[in-house]
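Report on one structure; see the data block that follows.
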Amino acid sequence: MAPGASDPHKAAENGGSARAVVARVAAALPAIAWTATQMRAGTRIVIDAELFAAFEAASSPHSLRALKSDLEAFDSWCRRMKRIALPATPELVADYLDARAGQGAKPASLARYKASIAKIHQLLDLKDPTQAELVKLRLRAIRRAKGTAQAQARPLRFKGPVRDVEREAPRGINVRALLEACAEDLPGLRDRALLRASRGRYARQR
């Protein structure tokens, strides 16, 4: 091997070792903490692993998935725009919400993105940029332009009085129709019990 030339086998070993170290660190940290370490930062980020672990223990899996997804989307946008995600400035957050609104995000989704950005700053003990008046006004302007009313599922209604949920024939959407739609598995039995209990409370209140 020529003097000064690098050994490809040793380089591969070093690369493999580095990846192994990264994998061990990722496995040791709470998922949201690891996501934070991967975000584009303009300063040294200090991870309080105990705080992140407590937060994850107090949060539902769905909430954690949503937060992780929101943070990754925010970081990806910041990288494309060549801007710093952590700590974020009020101007950056306002611009991000504008950009997402331009992509069709609804006001409720924008509020969630704002909350996710706020949460990661709180967990990292960084100043929360979402509390700035600029962010609030920009979000209010988006809501005004888009309107805050969103399509909601139509409520279930009883088609006339239901005296006997077991014997009366179904009329549109009524309790018996819902009971018959319940499966025979554990979730179905649970739903049937909840429907009957709700019907009992409704009858007592009349």
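The values are calculated or read from the model by the stated rules, or taken from the named source; none is laboratory data. If you're wondering where the values come from, they're calculated on a predicted model, not measured in any experiment. Counting neighbours? That spans all protein chains shown, and the Cβs are built from the backbone with ideal geometry, glycine included.
Observations on the model:
- For the stretch 46-59, filtering for residues that are closer than 14 Å to residue 119 by Cβ, within 18 Å of the chain's Cα centre (by Cα) and either assigned to a helix (DSSP H, G or I) or not hydrophobic (A, V, I, L, M, F, W, C) (or both) leaves 5.
- Within the set 83, 163, the sole residue that is of a type outside the set (S, T, N, Q) and modelled with pLDDT of 95 or more turns out to be 83.
- Going through (1) surrounded by 16 or more Cβ atoms within 10 Å (Cβ to Cβ); (2) of a type in the set (D, E, K, R); (3) touching a Leu at 6+ places or on another chain (Cβ under 8 Å) one by one, residue 128 falls short only on (3).
- Residues that are under 14 Å from the mean Cα position of the chain (by Cα) and crowded, with 19+ Cβ neighbours inside 10 Å are absent from the stretch 86-99.
- Condition check for residue 43: loosely packed, with under 14 Cβ neighbours inside 10 Å and either within 30 Å of residue 92 (Cβ to Cβ) or modelled with pLDDT of 80 or more (or both): yes
- A count restricted to the stretch 42-74 and to residues that are of a type in the set (Asp, Glu), in contact (Cβ under 8 Å) with a residue 40 or more places away in the chain and over 11 Å from residue 30 (Cα atoms) stands at 1.
- Scanning the stretch 62-84 finds one or more residues that are of a type in the set (Lys, Arg), part of a helix (DSSP H, G or I) and surrounded by 15 or more Cβ atoms within 10 Å (Cβ to Cβ).
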